[in-house]
Amino acid sequence: METAPSRTFVADLVSRVGSLPSVAAQVVSLASDPKCDIGSLARVIMSDNAMSLRFLALANSAAVSHGRETRDLRAALVKLGLRRVRNVALLMGMHDMVPSGDSRQWLDTSNFWRFNLATASCAQGLAWLRGSRQHEDAWLAGILHAIGLAAMAQRASPEMARAAALAQESGMTLADAEMRVFDFHHGEVGGRLLREWHLPTLFADSVEFLPEDFAPGELPVETAEMIALLREAVLTVRAIGFGDNGDGDEPCRPEDLAERLGLPEPAMQALADKVDREVQEISKLIGLDVPADLFAATLAKSQEEVARVGLEGLDETLAREDLEQQLNAAREIQQRLLPRSLPEVPGYRLAATNVPSLHVSGDTYDCLHLSDGSLAVTIADVSGKGMPAALLTGTLQASLRALARVTNDPGQLLEAANDALFESTDPERFATLFMAVLNPDGSGLRYASAGHNPPLLLRADGTVQWLKPAGTPLGMIPEMTYPVFPVRLDAGDLLVAYTDGVTEAMAPDGTEFTESGLEAAVRAAVAGGPQAVIDGLLAALAVHINQPGEDSAAGRLLGTAAAQTGLAAAGDDITLFVLARDA
């Protein structure tokens, strides 16, 4: 609680920080009005050459452009949207006031901005994953969350250094130490500053109360939810080591993040990809040098650590439900979605199979005729089990078939399918998908992948190439981009696309089949062509999963009469699509 002297000090400090730079302030004001005239907004921005170039650069970034260049500022603003224009203008104005690379004060401002950019992107991603409608506001709140700390570091650096030392020596939070030194904390300064800038109350209150404890019902629901998002984002970014916001709090271990946030591994990976990509894009606007893929690399290391330590009792936590009617209905839906026969393609041979387990996960494959007459092959794995997964598979397949009529670009197809799936499903529902489009001239293919297992390309000369994914799973986060990669196919080359039920198929001793097992089985059968490769893979999987015999999953895989009780050993659907270029 502020005292009269502290209120005076805060007011004086805020007045010394000042208002946003003129052009940034005008842009924020105009873009905050839903009825804003784009022409007027463009004229204001054009009065600042540096800002104009920054907005054009952002509109042409990979995250926004979708491969379509924009040279006109007005068109760039339309593409970005008013909310994003407001947010970026505020970011630019704040950075001009607290520039990165200023080492004369207590706070390392380069670290501060790295942290803020990552927190903004992470808060927005978490809002999407939580199903919150506040995702755009969450981004801006992430940028603003520590503005009071930056202001105090800039205008009262010696006192802030003393507060930081007190916090470290006494084991208290920086906010508590600031109360000892100043009789107020950085949240109060930030809140006052945002009110002076006439920003919505949501941002001012979220920034002010972020460092404080508050009782349920004390704050409006949307403010409490925003603070919860910000705290999760700050926790995540601090654990990754993405700079420092200066509050002095200790990070949690990266390997504990998924549990603390309650997110599955694919969601964490999608969040990592989003943060890494967006921080790289936005940091260029303000001249920051940020390591590439920092979040994803740290997440990968944490997952390795979890694997090393082991998760005791994981098997006991997996619920097993006996829902025979649901499973049978889901399996029937799956089978109806699969092509009745594969098309004949000059110069190629195709083969595919889908072997459902008791736990139906929604694996599927398809062949699509695109708008220019070219053929696309897809393989997908929808999250979850049972009827919901099978129904979501149908939704995804229907979307792709409809979209195939309007574009022949696999990246654009995945972008549209991703947005459609995000709008029509819960945040915890997602799908991995690989799509390859055969070039009409027979020279090879173009592919895009939404977090799917990398297909194996075995060249005629015996060399191997794994077609790595470069996009997040569909339905997790909207407005994602999916790069398209060309692949040359020569005579005798063979491509094997598969779902994780293949490489993660488990032997009785817990050993997985892995990519190495896949490659060995393909090499052993490649001379016989696509169908022989599938038969050989299923045989190898059967031996790996269980000894062949009556009532076994192996018998089911090998096509013998196997009872339903043996299918559980496979654990997941097994789906394969094999394409070979004629020799």
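Just so it is clear, none of the values below were taken in a lab; they were calculated from the coordinates. None of these values were measured; they are calculated from a predicted model. Cβ sites come from the backbone with ideal geometry, for glycine too, and all protein chains shown count toward neighbours.
Annotation: the residues Asp573, Asp409, sorted from fewest to most other C-beta atoms within 10 Å of their own C-beta, follow the order Asp409, Asp573. Listed by Cβ neighbour count within 10 Å, with the fewest neighbours leading, Leu576, Leu53, Leu271, Leu174 appear as Leu53, Leu174, Leu576, Leu271.
Residues in region 492-505 carry Karplus couplings, in order, of x, 6, 9, 10, 10, 9, 8, 9, 5, x, 7, 6, 9, 4 Hz; the curve used is 6.51 cos²θ - 1.76 cosθ + 1.60 with θ = phi - 60°, and Gly or Pro positions show x. Estimate the FRET efficiency between Ala57 and Ser22 by the formula 1/(1 + (r/R0)^6), using the beta-carbon distance for r and 25 Å for R0, to the nearest 0.05. FRET efficiency, Ala57 to Ser22: 0.70. Each residue, Glu504 and Val221, gets one label point 7 Å from its Cα in the Cβ direction; the gap between the two is 3.5 nm.
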